[in-house]
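Trainee: One structure follows; several queries about it will come next.
The values are calculated or read from the model by the stated rules, or taken from the named source; none is laboratory data. All values derive from a computational prediction rather than experimental measurement. Here the Cβ is made from the backbone with ideal geometry for all residues, glycine too, and neighbour counts use every protein chain on show. Heavy atoms of the whole protein, side chains included, go into the accessibility calculation; ligands, DNA and RNA do not. Shrake-Rupley method; radii C 1.70, N 1.55, O 1.52, S 1.80 Å.
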Amino acid sequence: MFPNSSDLGRPPFPPKHQQQSNFFSKLPLNIPPALLSHQQITVPPFHFRTAVDLLNGYIEATPDITPAVALQPMAYGSVSPVSTSDALTSFQGRKRQSHESVPKEAKRQRIHSKDSDTTVVNQAVPLPAEGRHSFPGSVSIQSPVLHAHGSPALIGCVPPLQDTLFPGSTETRLPVAKDKLSQQVLELFQACWQQASDLNRKELCRTELQKEIQLIFPHSRLFLVGSSLNGFGSRSSDGDLCLVVKEEPMNQKTEARRILSFIQKLFSTKLCNYIERPQLIRAKVPIVKFRDKKLNTMVLDFFFLLSYSCVDFDLNVNNVIGIRNTFLLRTYAFIENRVRPLVLVVKMWASFHEINDASRGTLNSYSLVLMVLHYLQTLPEPILPSLQKNYPECFDPTMQLHLVHQAPRTIPPYISKNGSSLGDLLIGFFKYYATEFDWSHQMISVREAKAIPRPDGTEWRNKFICIEEPFDGTNTARAVHEKQKFDMIRGEFAQAWQLLRDKKDLNYILPLKAAKQKR
């Protein structure tokens with residue numbers, strides 16, 4: 001989802017000497033025409049985001065913010081009648097969003113269809129003419145917009161999601177699982193990892209929101225970040241969005257909150273027919289939480305199916321660290337094939353035991369991912385290296401955003417001499433944090449690939465868990481500031497280690513049937 005990826009020599013924003021002091025610039029968005037990939041955005045004469053008319057409405061500027069473009073009332077027309085052949089062509093390759101009202105035979109036929117978007121989990125697919133491979137989870141999706149005749153307007157470019165991180169002919173496969181616990185980990189991962197259809201829904205929402213937001217902030221870009229794109233997402237993962245209005249630091253307490261207040265008003269008025277419950281959360285990095293309730297229409301055997309996407313989103317402003325760490329984590333996810341299954345199972349375990357919610361004083365998902373990566377780096381025979389130390393040029397924190405997604409492609413898969421199974425690694429993960437890691441004096445550092453002494457700064461004092469953010473060095477586990485919550489977290493790690501050590505059965509710490517249903 002990165003702008004100007006097809007014109008990489010062109011920065012997404014004007015040079016600093018050409019920028020106006022007011023970032024709500026009235027200069028029109030100027031992007032040269034380019035050949036569109038399946039993830040680049042085209043604007044047809046009408047939106048196919050809902051089967052009903054959206055309400056018209058004005059949004060008045062708040063006293064603190066003057067929009068660059070005055071919003072006019074807009075009527076979004078109902079979907080025009082579509083011929084059978086056109087409809088089938090328009091929706092070719094799109095996965096059904098709901099299975100309730102579909103005959104079992106139709107489901108079976110769809111699953112085994114050659115056009116099914118189910119990802120092949122154990123095979124790398126060569127991309128023509130470039131020698132690259134598309135690995136599991138690096139999904140490509142069809143354009144969700146119903147194309148119409150005429151010249152579409154290009155409003156933003158994003159990198160194809162099928163572009164992989166690793167050139168060459170090396171195939172990435174899921175690990176072999178011979179013992180029961182390893183098989184359980186692998187089966188749970190295969191049942192719950194994010195599918196192309198899940199990413200399709202998020203990308204459709206991002207595309208349409210970017211169009212609406214760019215009417216107000218012409219130079220802005222909306223990025224899909226976090227677990228949706230870093231390889232560690234599940235089918236139930238929320239969508240994380242980062243709105244970048246300028247490639248400069250922004251005061252999150254003042255400037256970012258003012259922008260988000262305006263975005264919240266946009267969502268609750270003009271876009272209220274397909275944005276539900278927009279809520280401004282005034283955290284250290286403020287966000288607008290909302291749900292996309294857009295009505296999806298699909299064609300199956302000459303019948304139209306209607307379903308609501310109902311994806312939850314968190315939108316922040318100018319938190320560019322999130323964009324950088326998305327591609328750092330994505331590289332870790334795919335350089336070793338045991339990483340993603342372990343991370344997904346640990347995240348689901350933490351959620352089941354209610355220790356995966358920063359708003360309640362426990363660990364956020366990002367911290368859990370860093371904990372798994374750190375453990376794999378600190379084994380006697382490491383399974384992961386420090387990417388930032390080995391490839392500093394690929395993860396330069398000053399790199400322009402439109403280049404961030406390209407750098408990891410030069411990094412080859414990591415070949416580890418450690419042949420431990422998924423089950424053994426999962427048991428070792430819980431043992432490490434239950435008995436070996438020194439919480440009082442050490443900090444988890446993926447950047448250094450080792451545990452390092454705790455800093456003495458104010459951000460680290462009175463914090464029970466210290467996990468270094470790889471780019472800006474802040475504490476990603478700062479929400480854990482109560483001893484009661486810390487003791488609960490440590491207790492869950494100790495109990496999980498003892499149960500897996502003795503039983504070698506994932507059901508004792510995470511009921512698999514319930515986990516697969518929740519996914």
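Trainee: Measure off, as a whole percent, the carbon and sulfur share of the 1.4 Å-probe accessible area of region 172-516, all protein chains present.
Mentor: Working: 6520 of 13040 Å².
That share works out to 50 percent.
Trainee: While we're on this one: Can you sort Tyr332, Tyr391, Tyr432 by 1.4 Å-probe accessible area, starting with the largest?
Mentor: Tyr391, Tyr432, Tyr332
Trainee: Trypsin sites (Lys or Arg not before Pro), restricted to region 455-493: which are DSSP loop and have at most 13 other Cβ atoms within 10 Å?
Mentor: Here the sparse-neighbourhood loop sites are Arg461.
Trainee: Would you mind getting the accessible area per residue of region 172-516, heavy atoms of the protein chains only, 1.4 Å probe, in Å²?
Mentor: Using a 1.4 Å probe on heavy atoms only, each residue of region 172-516 averages 38 Å².
Trainee: Further question: Among the listed pairs Lys265/Lys293; Lys178/Lys431; Lys284/Lys389; Lys178/Lys347; Lys417/Lys450; Lys389/Lys450, give every one whose C-alpha distance is greater than 20 Å.
Mentor: Values: Lys265/Lys293 17 Å; Lys178/Lys431 22 Å; Lys284/Lys389 29 Å; Lys178/Lys347 23 Å; Lys417/Lys450 18 Å; Lys389/Lys450 12 Å.
Result: Lys178/Lys431; Lys284/Lys389; Lys178/Lys347 exceed 20 Å.
Trainee: Report, by chain and number, residues whose modeled amide H sits under 5 Å from the one on Phe223, excluding near sequence neighbours (fewer than 5 apart, same chain).
Mentor: So Phe223 has HN proximity to Cys242, Leu243, Val244.
Trainee: Measuring from centroid to centroid over Cα atoms, what is the spacing of region 398-451 and region 464-513 in Å?
Mentor: Centre-to-centre distance over Cα atoms comes out at 16 Å.
Trainee: Here is a follow-up. Please report the equivalent ellipsoid semi-axes of region 172-516, computed as sqrt(5 x eigenvalue) of the Cα gyration tensor, largest first, in whole Å.
Mentor: Its equivalent ellipsoid spans semi-axes of 33, 25, 20 Å.
Trainee: Report the GluC sites (Glu not before Pro) located in region 399-506 that are in a DSSP loop and have at most 15 other Cβ atoms inside 10 Å of their Cβ, or state none.
Mentor: Glu459, Glu482
Trainee: Under a 1.4 angstrom probe, counting protein chains only, how are His219, His402 ranked by accessible area, largest first?
Mentor: Details: His219 30, His402 5 Å².
Largest accessible area first, the list is His219, His402.
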